[in-house]
Structure formats: structure tokens, C-alpha cells
Amino acid sequence: MKKLDIAILGDGGWGTTLAVMLFKKGFNVTVWGAFAGYAGRVNKRRINIKFLPGIKIPAGIEITHDLTRALKDKKLIVLAVPSQHMRRILKQVKRCGFSRDAMILSAAKGIEVGSLQRMSEIIHHELGGLKSAVLSGPTIAHEVARGIPTVAVIASRQKKLRQFLQDVFISGRFRVYTSDDVIGVELGGSLKNIIAIACGISDGLKFGANTKAAILSRGLSELARLGSAMGARASTFSGISGLGDLVTTCISPYSRNRFVGEEIGRGKTLAQIQSHMQMVAEGVPTAKSAYALSLKYKVDMPITREVYRVLYKNKSPLKAFEDLMGRIKKEE
């Protein structure tokens, strides 16, 4: 494959990991950071101390706070920014200008609070009908950056685009599958963070493997029910971006969402936890969006509902589990 000029918007752990991975494949990569001071420090030290410590960033990767410079002549724009900032950053992208022939790939996982839109919907709303796709799956940045074998999925309704991007990203340690189920892939990557918070709460309450297995299996059912109601294929949630991502996020020590839940289970408030976190736990705002979607589509999502009440209604984590266990009897 010929050299491709790529802009990665977002200098967090995932954006940095993708930049290093793509650079090693021979592509020209520029990383844009939202904060000038931090982007400058990373550019000078060549290590992302906050978000990806221990991973050397090759000198050939440009790191800048100048969005116009980052976007200039780029053929692929990768969006690796927090989901709740996606719309604001895309508005900046429009003002700075970019090639209308560029491919747009969302690597963010979340559902916007208020609009209840997925990232691909926000991209379409803000930038119009461009060539766009999404990347999702069980991809803990620290593991990918260290070359640990990982699989992911790229979804797009445009077959040629998803196949082209598959070739761009695939490597001996990063296997990429493709899908045309954009809704299912995005929902799987977003909603699993809520279930990870529930698993973390279980850990914080010192429950066991039985409890976590119950949360995982029943949580997967919730994802599939809402996904089906929104037009996704139920089978997608048994794949990489559904079950695969769900398991990883619920058990990994690197999972920010599981960590938030664990701290809540230990008695800390959400405000206390977030005040000490450098990185974003996407499941926190997504819980609010998912709860609203469950009401909109009239889908029963008891785990999501209880996580929402714990996060936003000050419900006791223990009471939330008691209410889940005490629900009316039913068939699986």
C-alpha cells in the first residue's frame, strides 16, 4: 500500500497508540492535541506521560496543537477524542478546512448526551456525507501499544471504504475485521462501558465471579435488545465489538470504567473519583444517554437503569444490586 498522509485528532492513550502503530506501517502521521502546552511537552519528550507512559513516540510523528496544520492535505482523519467533545471538535475542523476527499474514521466510543446521537451520526450532521467509518473492539491502548495480539472491527456502509481501511490498520499483531452494521458496532463499543461500571461496583462491594458473570451475560442481553430496537443486528453483539469489547472492559485492570465502578462500590462519590482522573471514563455520560434511549425505544435495561441511578440519583450501590436481584421472576 502506498504512503498515506494521516491526521489523528486526539493525543490521549488511544490516539497516541494508533499514531505509533500506523507510523510503524510506513504512513505519514500527524497527531493533534487540544492543549498547546501538553502537546508541546509530548512533542519534546516523545513520551505521552499522562496517557501512555513507557511507550516511545518515534521522532517522525508530528505532534501539534495547530489544527489547520494537522489537517492540511490529509487523506485520512482519525477522530480519537472523547465522545462528548466530538461535535465541538468537528465544528473546529469545519472552520479550519480539510480535504473533502478525506476519509473520516471515528475511534471514539460513546453516545452524545442530549442529542442521543452516535459518533457517526454527529460526523454526518457536522461534516456532511463524507466517506466515513468507525473503529471499535477490545482494544486497551496499553496492550496494543506493546504489541499484544488484538482484534478490532471497522464498520462502514461503504464496502470499498471499510476494506481499504482494513488494509491500512491490519498488521501481524492487530487483526481487523469488517462489518456493515455501523449501528451495532457503535452501540456495542459505547454501551459496554456501562456494564463495566456495574462490574466495577460489584468488585468494590467484594462480590465474586458469579456476580460478574451475571452482569456480563445479562448486560449483553441489554445491549442486544436496545441495538435491535435501534436497527442493529442482534448477532453483532456476540462479536468483537459486542461480547469481545464487553469482556475486556469488564475485567481489564486498565479499564477506566471498571475502575470508576470499583471506587463507587468502595463508597466514593462520582465527583471524588473524577477529580483525580486524568482520562475520561466514557461510561459515565453514556449511562445517561443509554437510559434516555431505553425510555425512548421502550426497552427494558435494568442494569443500565441501576447504574444511571447510582451515578446520577445517589442510589446506594448495594440497594441497586438488591433491586436487581429482587426483580419479578421471568424466563431467560
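The values are calculated or read from the model by the stated rules, or taken from the named source; none is laboratory data. Note that this is a predicted model, so its numbers are computed, not measured. Counting neighbours? That spans all protein chains shown, and the Cβs are built from the backbone with ideal geometry, glycine included.
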Result of the Cβ filter at 9 Å on segment 129-146, keeping first residues that are closer than 20 Å to Leu161 by Cβ and of a type in the set (A, V, I, L, M, F, W, C) and partners that are modelled with pLDDT under 95 and assigned to a loop (DSSP other than H, G, I, E, B), at least 6 apart or interchain, is Leu130/Arg100; Leu130/Asp101
Looking only at residues in segment 271-295 that are in a loop (DSSP other than H, G, I, E, B) and surrounded by fewer than 18 Cβ atoms within 10 Å (Cβ to Cβ), which one is modelled with the highest pLDDT?
-> Ser275
Close pairs from segment 87-111: first of a type in the set (Phe, Trp, Tyr), partner modelled with pLDDT of 95 or more, Cβ under 8 Å, at least 6 apart = Phe98/Leu71; Phe98/Lys74; Phe98/Ile77
Looking only at segment 24-46, and only at residues there that are among the small types (Gly, Ala, Ser) and part of a helix (DSSP H, G or I), the one that is surrounded by the fewest Cβ atoms within 10 Å (Cβ to Cβ) | Gly37
Met21, sole failed condition from (1) over 22 Å from Glu126 (Cβ atoms); (2) more than 20 Å from the chain's Cα centre (by Cα); (3) surrounded by fewer than 20 Cβ atoms within 10 Å (Cβ to Cβ) | (2)
Kindly indicate the residue of segment 99-150 that is of a type in the set (Lys, Arg) and in a loop (DSSP other than H, G, I, E, B) and also surrounded by the most Cβ atoms within 10 Å (Cβ to Cβ) among those meeting that condition.
-> Lys109
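Among the residues of segment 212-229, which ones are out of contact with any Phe, Trp or Tyr (no Cβ under 8 Å at 6 or more places or on another chain) and touching a residue at least 12 places away in the same chain (Cβ under 8 Å)?
Lys212, Ile215, Leu216, Arg218, Gly219, Glu222, Arg225
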Which of the following residues is out of contact with any helix residue (DSSP H, G or I) (no Cβ under 9 Å at 6 or more places or on another chain) and part of a loop (DSSP other than H, G, I, E, B): Lys268, Lys298, Lys330, Lys315?
-> Lys330
How do the helices (runs of 4 or more DSSP H) wholly within segment 151-264 filter down when requiring 1 or more residues that are out of contact with any Pro (no Cβ under 8 Å at 6 or more places or on another chain) and in the same structural domain as Tyr308 (by TED's automatic domain parsing): which remain?
-> 182-204, 209-229, 245-251
Considering segment 124-156 alone, what residues qualify as being touching a strand residue (DSSP E or B) at 6+ places or on another chain (Cβ under 6 Å) and of a type in the set (Lys, Arg)?
-> Lys131
Selection status of Thr286, in contact with a strand residue (DSSP E or B) (Cβ under 9 Å, 6 or more places away or on another chain), in contact (Cβ under 8 Å) with a residue 60 or more places away in the chain and of a type in the set (Val, Ile, Thr) | yes
Within segment 47-98, tally of residues that are in a strand (DSSP E or B) and of a type in the set (A, V, I, L, M) | 8
Does Gln274 qualify as being more than 12 Å from Val185 (Cα to Cα), out of contact with any helix residue (DSSP H, G or I) (no Cβ under 9 Å at 6 or more places or on another chain) and not acidic (Asp, Glu)?
-> no
